[in-house]
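The values are calculated or read from the model by the stated rules, or taken from the named source; none is laboratory data. This structure is a prediction, so every number in the text was calculated from the model and none was measured. Note that we place each Cβ from the backbone using ideal geometry, even for glycine, and neighbour counts take in every protein chain shown.
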Amino acid sequence: MSQEIRVALAGNPNSGKTTIFNALTGSRQHVGNYPGVTVEKRTGTFDISDTRVHVTDLPGTYSLSSYSPEEVVAQRELVDAIPDVMVVVVDSTTLKRSLVLLAQIMQTGDRIVLCLNMADEARTAGQKLDKPALETLLGFPVVETVGHKGQGISELKDAILKASQLERTPSRLVLGERLDTALAAITFHIAKTDIPKATHPWHAVKLLLDDPLYVDRLMEKKGPGKRAVQQAALERKKLEDLCGEDISLFVTQRYYGFVDGLLRETLLRSAHIDTRALSDRIDAFVVNKVAGIPVFLLVMYAIFWLTFTVGEYPMEWIEDLFAWSGDAINGAWPEGKLDVLRSLIVDGILAGVGGVVVFLPNIILLFLGLAVLEDTGYMARAAFLTDRLMHRFGLHGRSFIPMITGFGCTIPGIMATRTMENEKDRLTTMLVLPLMSCGARLPIWMLLIPAFFPPEHRASMLFGIYAIGIVLAFLLALLLRSTLLRGEEAPFVMELPPYRVPTMRSVVGRIIDRSGAYLKKAGTIILAISMLMWVLTSYPKPPEVVDVPAEQQPSALEYSIAGRIGKFIEPAIAPLGFDWKIGVATLGAFAAKEVFVSQLGVIYAMDDFDEDDDEDIGTLRDALARDYTPLVGFSLMLFLLIATPCMATVAITRREAGSWKWAFLQFFGLTAIAWVISFAFFQIGSLLL
Amino acid sequence: MNAAPTPNTELTSALEDYLETIFELVKERKVARVKDIVKARNVKSASVIPALRRLADLGLIHYTKRESIDLTETGEATARRIYSRHKLLVRLFRDFLGMPAELALQDACAMEHNLSDAGVDHLVRFFEFLQSCPDGHDFIERFKGCALVNAESPQDIATCCAKLALSPNDPNIISLRQLKPGQGGSVIRIQGTGAIRQRILDMGIMPEVHIQLERRSPAGDPLWVRVQNSQISLRKKEADMILLRKDTPADTNAP
């Protein structure tokens, strides 16, 4: 590549920006974090002619004010990183509002491409734009795209290349005489500092708006910087007195004024067909007073049903595959040679990893459900329906998405709390999130529910355990919000995009993304822990006692390190109905929740093997059903639902909350609550039954 | 010589105060004695006597040693004028501007001697207007409710006044929250400050824009509104910040 350029992709939420990003970069992307703040950073590359283009997908924002972390990050990328080209993605069906962001971005730099996305929907609505006129007025390329169909992407790439070679020209943004004059007066002083020229108008408007971020920056520049700030204060006072409005409204109105002018000259025909009509009719039914909540519950239940019932079949195939592999290795292994290695592979690795991989179908189906909810737009409706409830418990409608994500995995759920503007809302959501039964706990339910409950009750048991988690999360949130985390709440002003048919590409992409992460965990942490557990459960070997009959031989597992740890903690968990075997497996669940299953697998395989019992135990479920009562089973489910978020959760909470204090509070608090609830359940249950 | 008024003919502020005191005493007890004046003004009788002599010289009081003091006809008129001025200023500071009573009295005393007759006349008319005008009482109450409460922030005063001035009189001017599902209106003003206000503006909700309430969440909150081509949900508390003029049937029937 003879040349490299950097491109930033900006746009409103729901503008299809990420679809455009995916279409541009394909699989050449990287997802990371912005340093210092906790907003996701997506970057990727593509090549065009002999140029390599590095694309950064900025967080979706409606404007570039400085109230949310997303807005601050987007500003930093646009104003401070100074990309070579800025692509502004707008939803063609809401041009008026979307173009305000373009107007702001025109103040942060001059090499821009305007990407009119969802052009097909706008055309269907009867909207007709004079694109050449728009290009002439703006002075930079305008491209029409249909992101999810991949239309206009090659034109967009060409336009990006073209824009990168554009002469740097003064911005053609006109915000009316009064505001332009005021901005010019402020810019006069900014020009004497070392702030890059292209961003002068942006600095000027931010000073006028009294944005502390920029006021501080200019104050650091001493003389001319201070004069710019003073000038801004003067101009602000003048404008406010003149118009009798506060400055933020005045400036926002001038942006809209610019957009109005632009559209007056370029909109040949405005939309006259209501393309939302169908979407609105669906909403009239789906979110109305009577059907809203039942439909919501039905949708949630359907997702769990899909995960549980449909997921059962492929699960069996994978189970069979692992069992067959184990048998094949056992059969093919040369008799008597390196038996330890054989045991490690079959009893340690295959049993451990197999026990986790077997739940991949469930994970995929759950993420399929969530991806469809997200892509159709129902997720926003769900927030609308649930906000009152969330709000009553001190949470925010925006907590809903992270908490739903928490059903998949607590880690992305905690990461998704980054969209919340209020620190206390965010911490509360983060701390109670482990109570949302995550995908890694699904294998546990899959193992335990069929082991202890008859088929006709299984779906409702699963629904029940999720419901208990949700109710506890709410109660705990309320408690936190009225004690440790008392304080103000953030705004709930949210767009409800029209329903859209989800595209295969996006849904599959999301599933691959997330199940990939699950498999990766299985391949690394869980593999390592499986091996460690194998060692702990295999060594030291019990001494042969020749004189006693086989039944009285000490069990190898009991004799091993794991067994001893289990025995050691048994007094603490006995009141919950657990024995030392469960204790051992529960310790493993701290490493990763699903390890509980593989651990039990290892424990039972080892136990069985060493006892040299002829009786075929069959699956783990049968073994569990044999050893424990359903009462113990449910007590165990409660404990695993509430107690000890996994290692990775503790680590991510520490990182996102910024201190060990919250991570420890979460860890010990939840474990204590779990113990109390399981104890109460088991003891009361024992009395009643 | 004639430029400088002789001390004997000038009614100084101190003398005005004495005159006022005598007026009050006479009004109260029909008669004013030196010791009463000494007591009321909290001064020594040595300084009262010369002042009384001067007032007598000016022809404002009848004063003879050890006798009760009475006002002359001119004296009573002058005293009445000074007294009503005093009363007026105390009321202005205490009742209209909401100052503490003691401070109001102090400021009234400092000010009463320096106002011109025309100034007093205008103030009197202004307060008579406030008292007799039907909105006058509300006006004073609003001033106390907004400006006195929000003394620190001029912006809050403006917001508060806008709310008061717009809402009570015109039944069609209501907050977004008060709309019924299916009703609409055009935005007049967005109240409040900071993040919520900016978010509302960013969503395209600003003066002149038409907004319609589509529905409420089954639980009653949040609300679902249509603004131009997009649909937005927001909580009641946020909807409270958006003032609008409700569509009348005429608006709805318009093409």
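What to note about this one:
- Positions within region A:128-141 being surrounded by fewer than 21 Cβ atoms within 10 Å (Cβ to Cβ) and in contact with a strand residue (DSSP E or B) (Cβ under 8 Å, 6 or more places away or on another chain), in sequence order: A:K128, A:D130, A:K131, A:L134, A:E135, A:L138
- Selection count, region B:205-219, where residues are within 7 Å of chain A (Cβ to nearest Cβ), in a loop (DSSP other than H, G, I, E, B) and surrounded by fewer than 22 Cβ atoms within 10 Å (Cβ to Cβ): 3
- Test: residue in region A:244-267 that is among the aromatic types (F, W, Y), surrounded by 14 or more Cβ atoms within 10 Å (Cβ to Cβ) and in the same structural domain as A:T187 (by TED's automatic domain parsing): no
- Selection from region A:76-94 of residues that are closer than 30 Å to B:R226 by Cα and modelled with pLDDT under 90: A:T93, A:T94
- Answer residue from region A:441-466, given it is surrounded by fewer than 21 Cβ atoms within 10 Å (Cβ to Cβ) and outside any helix (DSSP H, G or I) and is nearest to the other protein chains (Cβ to nearest Cβ) among those: A:F453
- The condition (being surrounded by 22 or more Cβ atoms within 10 Å (Cβ to Cβ) and not acidic (D, E)) is satisfied by just one residue among B:L201, B:L243: B:L201.
- From the list A:I363, A:I303, A:I318, the one residue that fits, being part of a helix (DSSP H, G or I), buried (at least 21 other Cβ atoms within 10 Å of the Cβ) and in contact with a helix residue (DSSP H, G or I) (Cβ under 7 Å, 6 or more places away or on another chain), is A:I363.
- Top-ranked residue of region A:370-387 - restricted to ones that are out of contact with any strand residue (DSSP E or B) (no Cβ under 7 Å at 6 or more places or on another chain) and among the aliphatic types (A, V, I, L, M), ranked as nearest to A:V501 (Cα to Cα): A:V372
- Residues that are within 21 Å of the chain's Cα centre (by Cα) and either over 12 Å from A:F407 (Cα atoms) or crowded, with 20+ Cβ neighbours inside 10 Å (or both), drawn from region A:467-479: A:G469, A:A473, A:F474, A:A477
- Within region A:45-99, the set of residues being facing chain B (nearest Cβ under 10 Å) and over 26 Å from the mean Cα position of the chain (by Cα) comprises A:T93, A:T94, A:L95, A:K96, A:R97.
- Any hit, region B:182-195, residues being free of Cβ contacts under 8 Å to residues at least 40 places away in the same chain and surrounded by 17 or more Cβ atoms within 10 Å (Cβ to Cβ): yes
- Hey, A:A380 in a helix (DSSP H, G or I), out of contact with any Phe, Trp or Tyr (no Cβ under 8 Å at 6 or more places or on another chain), within 14 Å of chain B (Cβ to nearest Cβ) and among the aliphatic types (A, V, I, L, M) or not: yes
- Filtered by the rule that a residue be in contact (Cβ under 8 Å) with a residue 60 or more places away in the chain, touching a Pro at 6+ places or on another chain (Cβ under 8 Å) and within 27 Å of A:L480 (Cα to Cα), region A:359-397 gives A:A380, A:F384, A:L385, A:D387, A:G397.
Each row is one residue, and each column tells you yes or no for (1) within 14 Å of chain B (Cβ to nearest Cβ); (2) at pLDDT below 85; (3) surrounded by fewer than 24 Cβ atoms within 10 Å (Cβ to Cβ); (4) assigned to a helix (DSSP H, G or I).
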| position | (1), (2), (3), (4) |
| --- | --- |
| A:G369 | no, yes, yes, yes |
| A:E374 | no, yes, yes, yes |
| A:L395 | yes, yes, no, no |
| A:M403 | no, yes, no, yes |
| A:G406 | no, yes, no, yes |
